[in-house]
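One structure is given below, encoded as structure tokens.
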Amino acid sequence: MDDQQQTKLDELIEELKQGRDELKVQIHLAKAEATDLWHETEDKWQHLRSQLDKIENGAGDSAKDVGAAAILAAEEIKKGYERLRRYIKDI
């Protein structure tokens with residue numbers, strides 16, 4: 001291998017090392033972000049389950065209020081799951 005080829009190879013190897021290191025950090029951060037989003041959505045899921053229990057055990061206007069809140073919570077959870085799916089798809 002001549003000097004020009006060696007220089008080109010060294011430059012390419014250095015680029016690969018840098019790109020590899022950057023990807024490693026990005027994957028780690030993406031994993032942490034996805035995990036945080038999952039936990040946030042799971043907390044909302046648990047809260048929704050609690051609200052649904054109240055609806056099943058309640059009656060009257062308070063059950064209607066809890067029902068409306070449960071619908072909003074379910075919609076938020078759905079959006080959270082959609083965000084997770086898009087996020088994972090983009091990775």
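Nothing in this text is a laboratory measurement; each read-out follows from the coordinates by a stated rule. Because the structure is predicted, anything quoted here is derived from the model rather than measured. Methodologically, a virtual Cβ is constructed for each residue, glycine included, from the backbone with ideal geometry; neighbour enumeration extends over all protein chains shown.
What the table below lists for this structure:
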| read-out | value |
| --- | --- |
| Coarse-grained scattering of the chain at q = 0.15, 0.18, 0.20, 0.21 Å⁻¹, given as base-10 log I(q)/I(0) from a Debye sum over alpha-carbon atoms | -0.72, -0.85, -0.92, -0.96 |
| Angle in degrees between helix 3-57 and the longest Cα principal axis of the chain, rounded to the nearest 10 | 10 |
| Spin-label model distance (nm) - GLN26 vs ILE55, 7 Å beyond Cα toward Cβ | 4.2 |
| Ranking of VAL25, VAL66 by count of other Cβ atoms within 10 Å, fewest first | VAL25, VAL66 |
| Sequence of THR35, THR41 once ranked by neighbouring C-beta atoms within 10 Å, starting from the fewest | THR35, THR41 |
| Lys, Arg +1 and Asp, Glu -1 on Cβ, resulting dipole of the chain about Cα centre, debye, nearest 20 | 560 |
